[in-house]
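J.: This is the structure I want to talk about, given as structure tokens.
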Amino acid sequence: MDTVEKTISPEVHEVKAYHEGERPRHNPALERNFSFWSCLGLAFAILNSWNAMAASMSVALPSGGSIAMVWGLPVSAVGTLLMAVSLAEAAHAFPTTGGQYDWTYCVAPARVRVGLSFVAGWTATTGWIALVAANAIMTSNFVMGIIYLLHPAFESAPYQIFLLYLAMTLLAYLLNTFAVRLLPWIDTSAMVWSMLGIVTVMITLLACASGTYQPAKAVFATWTNTTGWPDGMAFMLALLQSVLGFTAFDAVSHLSEEMPRPAINAPKAMVIAVLIGSVTGWLFLVILLLCLKDLDAATGAPTGPLIAIYRQVTGSDAGTTCLVMFNLLAMFFACQGACTVASRLLMTFGRDNGMAGLSRFLGAVHPRLLVPQWSVLFVSVVVVIFGLINLGSSVALNAIISSAIVFLQVSYFIPSQFFRFTSHPVCCMFLRGDAAFADAPRSWSLGRWRRPVNGLALVFLLATTVCFFFPPGVPVTGSSMSYVVVVFAIGMLLALGVWLTSARKVFHGPSEMEARLIEGRRM
């Protein structure tokens, strides 16, 4: 190995050091504060599978009922796991903060890789910012649900929900700006809190409902389709509930500059988080359906289905409030974690001139706070703007939240379609012909399984992404129409405008260390 190292330039040696987890010299400020466990905590806190599925029960209940929830989750889990395994291989080969757009630049054909890299970066960044908004509004809804529970005569106004939403966004901003060194501890605590919460909730529900459980047929074999769509289409729409609980598994890949051994820790955290989310999410849904009393009453309750089910089972406002606190705090942890990831991705995209005139500011890192303060502020401001939309139309805000998943899934698709055709990742993807690293050790490789795994993952990805554009039921009215396609179109038109006016002249793909890591150039 010493002989090999002497034959290569210092810059290429630095690429190897970066791949093995040492600090690259070009990065001036970010500290490696995140351990493997804090990265796993962040990944699991953002996936928040059991909580996300509980908060979105109303999506699946009319589109198949309990069958769609109980058996749709394993389908989504397998599809997401295939995608996570595929992109984990990319995170191992290219441990860079840019994630999807770095990977796309590496594996796409040379004539289109810069443009596709920009699209992947734009969709990933937009998706993550929208995901912050989604978590903030779901956290606010839990707070409002508790208020409805304790004060049944209360009637909320849109501005009150917005103020709660604003408080969640502001707290996430403050933590990500002034408490950056506490974030690893917070993220580890988030995983512990979430695991403690799901165990406590499941045991409490089983104990309180003892002797009055729903029959197995009602949980595992009852089909209810009130959408107006054919049964097959209704089941596909129901998958959106579980897909929401698995979206954003790429989170830790965007913290590669802040963790030790990112080539090892990032892919491990990605896959393990999906596995834990699959098991805990399925167990939670089964127990929830097993213990509930009146599904129809829960579906239409002003508190939301989850709080209504807790109240039915426990028979106590105080007991329900205690259980909901696990969900509420876990959802806020997801909001805070999503803000962390969105700001890091935006910082990297800005550093590579992907954000037009704002790139210089968004790519900067505060020398004392050691945080990309302008990126955190930009994310928070955009999230607040999304919240203002809710004052005029809750339908529009829901479309923005749903579009978070679409944007992220598109960003997963772009690099994955090229991984499918790559037969030798070390030579063709990783270092592009640099013989010194052709035999670099790789502990994460799909080998001959790459094509079937990526092929199946892409089928699942395309099917679920297309379904997000469909309305939840027919006939379609102005209030029931899905406006996700409108939000997605606006987002892509903005991307086109930025590309034509500035990015095509200044964005050249991942820069500095990322480019050297991807191309293995001797500089």
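What follows draws every value from the coordinates through simple rules; no lab data is involved. All values reported here derive from a predicted model rather than from experimental measurement. Because the Cβ atoms are built from the backbone with ideal geometry, glycine has one as well, and the counts that use them run over all protein chains shown.
J.: I need to check one value: relative contact order of the chain, counting alpha carbon pairs closer than 8 Å and at least 6 residues apart, in percent.
T.: 32 percent
J.: Taking every Cα atom in the stretch 172-214, find the radius of gyration and the maximum pairwise distance Dmax, and write them in Å.
T.: Considering the stretch 172-214 through its Cα atoms, Rg and Dmax are 16.8, 50 Å.
J.: Taking the Cα-to-Cβ direction at Y213 and at W449 and moving 7 Å from each Cα, how far apart do the two end points lie in nm?
T.: Between Y213 and W449, the simple spin-label model gives 3.4 nm.
J.: Classify the stretch 86-126 as rounded, prolate or oblate, taking a ≥ b ≥ c as the square roots of the eigenvalues of its Cα gyration tensor: rounded when a/c is under 1.5, otherwise prolate if a/b is larger than b/c and oblate if not.
T.: Because a/c hits 1.5 or more and a/b fails to exceed b/c, the stretch 86-126 counts as oblate.
J.: Right, next: Along the three principal axes, how long is the chain when you take its alpha carbons, biggest first, rounded to the nearest angstrom?
T.: Principal extents (Cα only, largest first): 73, 46, 42 Å.
J.: I've got another one for you. Ignoring everything except DSSP H segments at least 4 long, calculate the 222 nm mean residue ellipticity for the chain; use -39,500 (n - 2.57) per segment, divide by total residues, nearest 500.
T.: Helix-only estimate at 222 nm: -22000 deg cm²/dmol.
J.: Let me ask you something else. If packing is taken as the average count of other Cβ atoms within 10 Å, what order do 253-261, 86-94 fall into, highest mean first?
T.: Peptide ranking by packing, descending: 86-94, 253-261.
J.: How high is the FRET efficiency between R368 and C322 when r is their beta carbon distance and R₀ equals 41 Å, given to the nearest 0.05?
T.: With R0 = 41 Å, the Cβ-Cβ based efficiency is 0.50.
J.: Separate question: Simple spin-label model, 7 Å along Cα-to-Cβ: L171 to H508 in nm?
T.: Using points 7 Å along Cα→Cβ, the separation is 4.5 nm.
J.: Could you calculate the FRET efficiency of D231 with I385 from 1/(1 + (r/R0)^6), where r is the beta carbon distance between them and R0 is 45 Å, rounded to 0.05?
T.: E(calc), rounded to 0.05, equals 0.70.
J.: Continuing with this model, one more query. Please turn the phi angles of the stretch 153-161 into ³J(HN,Hα) values with the Karplus equation 6.51 cos²θ - 1.76 cosθ + 1.60 (θ = phi - 60°), one per residue in order, whole Hz, x for glycine and proline.
T.: Karplus values, whole Hz, x for Gly and Pro: 7, 5, 10, 7, 10, x, 5, 5, 5.
J.: Right, something else. Once label points are set 7 Å from the Cα along Cα→Cβ at both R111 and A489, what is their separation, rounded to one decimal in nm?
T.: Roughly 3.0 nm, to one decimal.
J.: For a footprinting-style exposure proxy, rank K505, K268 by other Cβ within 10 Å, fewest first.
T.: Going from least to most buried by this count: K505, K268.
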